[in-house]
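The values are calculated or read from the model by the stated rules, or taken from the named source; none is laboratory data. Since the structure is predicted, the reported quantities are computational estimates derived from the model, not experimental observations. Glycine gets a Cβ as well: all are built from the backbone with ideal geometry, and neighbour counts include every protein chain shown. Each accessible area value is taken on the protein alone, full model and side chains, heavy atoms only, with ligands, DNA and RNA left out. Shrake-Rupley method; radii C 1.70, N 1.55, O 1.52, S 1.80 Å.
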Amino acid sequence: PVEYIWILNPDARPAPDALSWLVATADQNPSAALVASRLVSADGASILYDGATIDPVTGATALVGSGEPVQARPALAFSVTDYAHGASMLVRSESLATTGLIPEDYFLYFEETDLAMRARSAGFTVLVEPRSSVRHFRRSWAALPSSTYLYYMVRNRELFSARWGFDRSQARSVTDDFTGSWRRRVGAARPDLLATFDALVSAATSDGEAGHTGASEHPQALELV
């Protein structure tokens, strides 16, 4: 039987020993359902992900070490984290019998966060192994948000908050901070796109509140860039 499954994004480039470190850490920690790699920028200079937190009240997610120089964060031993980043994570196969598979109904974003919540709720641990280094080229990130990124981040944050019982009003405030930051950037660079931006956020929020899942036509109908 297959003991581990390595999930790796097409825009990720692992160091030669990245998988070896993931397996070694998983072997050392039989209670770990998920073990994530450290993610670094395409040039290898800065951290993108070195673990993550989920606020227990709002459900807000935050990346540990994001933006810090790689040299400022020595790659030491593994540590416990709230969720494993799906760009590079090792999944213990036998844990899936308890947690279920990665939820496909999110379609994009928050699926690995939900899986980690299920794993932790079932008594498993989630780890990050910084000695497993992976360069992430982040095709979905740019100076301005893509329609796909904006829609699914907003809608799926709503779905995630509802499923895990986070405070809905505070979760909505987190979403407002997220969209407000992007709206200022869009307004500065492309004010002609603000109406489309607002319409897309409104559609995503409404769909999330209604519990709509899966792929949506809104990102294609309301293209930003």
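Miscellaneous remarks
- Residues of the stretch 9-32 that are more than 14 Å from Glu129 (Cβ to Cβ) and under 21 Å from the mean Cα position of the chain (by Cα): Asn9, Pro10, Asp11, Ala12, Arg13.
- In the stretch 32-56, the residues that are open to solvent by 50 Å² or more (accessible area, probe 1.4 Å) and either under 16 Å from Ala12 (Cβ atoms) or part of a strand (DSSP E or B) (or both): Asp43, Thr53
- Subset of the stretch 107-123 (residues that are in a loop (DSSP other than H, G, I, E, B) and either closer than 17 Å to Thr175 by Cα or without any contact (Cβ under 8 Å) to a residue 12 or more places away in the chain (or both)): Leu108, Tyr109, Phe110
- Scope the stretch 10-29; condition surrounded by fewer than 18 Cβ atoms within 10 Å (Cβ to Cβ) and within 30 Å of Phe166 (Cβ to Cβ); matching residues: Asp11, Asn29
- Yes/no for Thr205 being closer than 17 Å to Tyr109 by Cα and over 18 Å from the mean Cα position of the chain (by Cα): yes
- Residue count for the stretch 84-124 under the criterion of being in contact with a helix residue (DSSP H, G or I) (Cβ under 6 Å, 6 or more places away or on another chain), open to solvent by 20 Å² or more (accessible area, probe 1.4 Å) and more than 21 Å from Gly211 (Cα to Cα): the result is 2.
- Matching option when the condition is in a loop (DSSP other than H, G, I, E, B), surrounded by fewer than 23 Cβ atoms within 10 Å (Cβ to Cβ) and either in contact with an Asp or Glu (Cβ under 7 Å, 6 or more places away or on another chain) or on the phi > 0 side of the Ramachandran plot (or both), among Gly59, Gly67: Gly67
- Residues that are assigned to a loop (DSSP other than H, G, I, E, B) and more than 14 Å from the chain's Cα centre (by Cα) within the stretch 140-175 comprise Ala142, Ala143, Leu144, Pro145, Ser146, Trp164, Gly165, Phe166, Asp167, listed in sequence order.
- Filtering the stretch 148-187 to residues that are more than 23 Å from Leu224 (Cβ to Cβ), crowded, with 16+ Cβ neighbours inside 10 Å and of a type in the set (S, T, N, Q) leaves only Ser161.
- All of (1) under 14 Å from the mean Cα position of the chain (by Cα); (2) assigned to a loop (DSSP other than H, G, I, E, B); (3) of a type outside the set (Val, Ile, Thr) hold for Leu76 with one exception: (1).
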